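The block underneath contains the structure these notes are about, expressed in C-alpha cells.
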C-alpha cells in the first residue's frame, strides 16, 4: 500500500487487453490462412509461409524503429511529465523521420526482392514453396511503413501514461485485418489468398495510423509536425520507387539466368540489393533529404573515430 501498485495495475489492465485484442486478430488470420493453404494443395500457400515471411518482414522494425524510440522515449516521457507538448511533438517527429530513412528503402526492398530473399532462406522447403513465401513477403513489403509509424505514434500515448487509447487502436487494426483477410479468403484463388492477407496486414495498420495520428495530434493541441513528416516520407518514397524498379529488375534478370537455387538467389539478392541501395542513395542525395545527410554525417563521424 502506498507504492503506486494500484495505478500500475490500472495501466497494465489495458496493456493486457491490448495483447488479447491483437491475438484475436491473429487467430482469425491463422484459421483463414491455414484453410487457404489446405484448399490450394500447394506448399508455401498456408499459414506457415505467412508466418515465415512475416518474421523476415518484422525484423527491420525490431532493429531500427524500436532502437530509435528506445533512445527517445525517456526524453518524450520527461516532456510529457513537464506538460511540454511542443517537445513531445518534436521528439515524435524526429523518431518518425529518423526511422523512415532506413524503414522506407527496406520496405521497397521487400517489394522488389522478396522472391530471392525467400528462395535463399527457405530453399530447403522446395523452390515452389520458397517462391510462394517470396510473393507473401512482397505483399507484406510496403506495410512496414505504416507498421513502423504506428509504433512511434503510440509511444506518444505511453509517454502520457495512456494505455487505453493504444488498446482501442489495436481493436480497430485487428478488426480491419480480420475483415480484409476474410474478404481475401472469399474472393481470391486459394493459392493467392494468403498473399492478399499479407497485404491486408499493412492496410490495417494504415487505417490504425490515421486514427492514432489524429488522436495524438488533438492531444498535443492540434500540431504533430505533419507537413514536415509527410514531406520526408513522400520524398523518401519518391527516391525508393526508381531504386526498387532497377534493383528488382536486376534481381529478376539474375534469377532467370542463374535459376532460383541458393547460388542464383544469393547473387540476385546481393547485386539487386546493391543496385537498389545505390540508386536510392543517389536519388535521396539529389533530392537533398536532410535526414539522409544527417545519417551520412553520423556514419562518417563514427568511422572517423
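Summary of computed values
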{"read-out": "Number of the condition not met by residue 288 [criteria: (1) modelled with pLDDT of 90 or more; (2) not in a helix (DSSP H, G or I)]", "value": "(1)"}
{"read-out": "Candidate set from the stretch 254-276 (those that are modelled with pLDDT of 95 or more and out of contact with any helix residue (DSSP H, G or I) (no Cβ under 7 Å at 6 or more places or on another chain)); member that is farthest from residue 134 (Cα to Cα)", "value": "274"}
{"read-out": "Selected residue [assigned to a helix (DSSP H, G or I) and closer than 16 Å to residue 115 by Cα] from 246, 241", "value": "246"}
{"read-out": "Identity of the residue in the stretch 223-248, touching a helix residue (DSSP H, G or I) at 6+ places or on another chain (Cβ under 8 Å), surrounded by fewer than 16 Cβ atoms within 10 Å (Cβ to Cβ) and without any contact (Cβ under 8 Å) to a residue 60 or more places away in the chain, that ends up nearest to residue 88 (Cα to Cα)", "value": "226"}
{"read-out": "Test for residue 110: is it surrounded by 18 or more Cβ atoms within 10 Å (Cβ to Cβ), at pLDDT below 90 and either over 22 Å from residue 182 (Cβ atoms) or within 24 Å of the chain's Cα centre (by Cα) (or both)", "value": "no"}
{"read-out": "Flag if residue 194 is surrounded by fewer than 24 Cβ atoms within 10 Å (Cβ to Cβ) and part of a helix (DSSP H, G or I)", "value": "no"}
{"read-out": "Count of the stretch 62-80 residues which are over 13 Å from residue 100 (Cα atoms) and touching a residue at least 12 places away in the same chain (Cβ under 8 Å)", "value": "7"}
{"read-out": "Filter result (loosely packed, with under 15 Cβ neighbours inside 10 Å and part of a helix (DSSP H, G or I)) within the stretch 32-50", "value": "38"}
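The values are calculated or read from the model by the stated rules, or taken from the named source; none is laboratory data. In this text the structure is predicted, and so the values were computed from the model without any measurement. Reconstructed Cβ throughout: ideal geometry from the backbone, glycine too, with neighbour counts over all protein chains shown.
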